[in-house]
Amino acid sequence: MYLIDRTIQFTRGFLLSYGPTPVKKMFWDREYDSGKWNFAADSSSDCVYEFLNQYAAGKTVLDMGCGQGNTANEMALVYKKYVGLDISDECLNKARKRSAAEGRGGINSFDQGDFLSYVPRQQFDVILFRESMYHVPVSKIKPMLDRLAKYLAPNGVFIVRLYYVGDDKKTLKRRPLAMFDVMEQEFELLQKKNYEAVGSRVIVFRPKK
């Protein structure tokens, strides 16, 4: 049973990172429609907000992989405009309804698409990957960020939050650490903070000048 579960998890992870866009969309739509991710609807204590409150004040935010609208409705109302991107229409429907209920419908908007190919319609001061970077193949991280860097406003930044420690709070996860290595080596690192109690790391960086 363990091997079967591991095989299913590996196959799911592979498809969500390397599969074609329609397959990824189908997976996420099905999972959000089933309520699988309802437990994650409240993340107001997430460590990433410490950085968003600093870098997004009076600014514009692009949230790559916005899910059901957590960031859009939990971050402090310090930002000027927020755009959330997700591949799942089910996610985006939840995010829009939540934003309307929170009175943020006027400054929050949402686009459907795969962030590996998404083309923003404007420049942003902050481009956020909150755990969603995990679904980007390591070899595609730099090309994707180089492409998105064209849509960073002057002095704009990327913010990435990933869990790099396993559920046992001891085992380091190789893939997230490899991802951090790419971002920290290929870009100008501005801030980096580990949250050991939850096994999470946040980094802030921008293209090298």
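Filter segment 157-186 for residues that are among the aromatic types (F, W, Y), under 27 Å from K59 (Cα atoms) and touching a residue at least 24 places away in the same chain (Cβ under 8 Å) and give the result. I'd like the intermediate steps shown before the answer.
Taking segment 157-186 first, the residues among the aromatic types (F, W, Y) are 158, 163-164, 180.
From what's left, under 27 Å from K59 (Cα atoms): 158, 163, 180.
Hits for segment 157-186 are F158, Y163.
Search segment 56-69 for residues being surrounded by fewer than 21 Cβ atoms within 10 Å (Cβ to Cβ) and not β-branched (V, I, T), and hand back the single one that is nearest to M144 (Cα to Cα).
To start, the set of residues in segment 56-69 that are surrounded by fewer than 21 Cβ atoms within 10 Å (Cβ to Cβ) comprises 57-60.
Pick out the ones that are also not β-branched (V, I, T) and you get 57-59.
Details: A57: 25, G58: 26, K59: 22 Å.
So the residue we want is K59.
Taking only segment 135-152 into account, find how many residues are part of a loop (DSSP other than H, G, I, E, B), within 22 Å of Y163 (Cβ to Cβ) and not aliphatic (A, V, I, L, M). Don't jump to the end; show me each part of the working.
Start the filter on segment 135-152 by keeping residues that are part of a loop (DSSP other than H, G, I, E, B), which leaves 136-137, 150-151.
Within this subset, residues satisfying the condition of being within 22 Å of Y163 (Cβ to Cβ) are 136-137.
The next check asks that each one be not aliphatic (A, V, I, L, M); those that pass are 137.
Number of matching residues: 1.
Check whether at least one residue in segment 72-85 is on the phi > 0 side of the Ramachandran plot, out of contact with any Phe, Trp or Tyr (no Cβ under 8 Å at 6 or more places or on another chain) and surrounded by fewer than 17 Cβ atoms within 10 Å (Cβ to Cβ), and report yes or no. No: segment 72-85 contains no residue that is on the phi > 0 side of the Ramachandran plot, out of contact with any Phe, Trp or Tyr (no Cβ under 8 Å at 6 or more places or on another chain) and surrounded by fewer than 17 Cβ atoms within 10 Å (Cβ to Cβ).
Taking the criterion of being under 25 Å from E74 (Cα atoms) and part of a helix (DSSP H, G or I), would at least one residue in segment 191-209 satisfy it? No; the residues of segment 191-209 include none that is under 25 Å from E74 (Cα atoms) and part of a helix (DSSP H, G or I).
Look through segment 106-147, keep the residues that are free of Cβ contacts under 8 Å to residues at least 60 places away in the same chain and of a type in the set (V, I, T), and return whichever of them is nearest to Q68 (Cα to Cα). Filtering first and then ranking leaves I107.
In summary, L189 fulfils each of the numbered conditions (1) in contact with a helix residue (DSSP H, G or I) (Cβ under 9 Å, 6 or more places away or on another chain); (2) in contact (Cβ under 8 Å) with a residue 24 or more places away in the chain; (3) of a type outside the set (D, E, K, R); (4) closer than 24 Å to A57 by Cα with the single exception of condition (2).
Within segment 75-98, is even one residue within 19 Å of P176 (Cβ to Cβ) and hydroxyl-bearing (S, T, Y)? For segment 75-98, residues within 19 Å of P176 (Cβ to Cβ) and hydroxyl-bearing (S, T, Y): absent.
Scanning segment 170-190 for residues that are of a type in the set (D, E, K, R), modelled with pLDDT under 95 and part of a helix (DSSP H, G or I) yields R174, R175. Checking every residue in segment 117-128 against the condition of being more than 22 Å from V202 (Cβ to Cβ), surrounded by fewer than 18 Cβ atoms within 10 Å (Cβ to Cβ) and at pLDDT below 90 gives at least one match.
Entry remark, segment 93-134: residues being part of a helix (DSSP H, G or I) and either touching a Leu at 6+ places or on another chain (Cβ under 9 Å) or within 24 Å of E50 (Cβ to Cβ) (or both) number 6 in total.
The values are calculated or read from the model by the stated rules, or taken from the named source; none is laboratory data. As the structure is a computational prediction, the values presented were derived from the model and not from experiment. Virtual Cβ from ideal backbone geometry, glycine too; neighbours counted across all protein chains shown.
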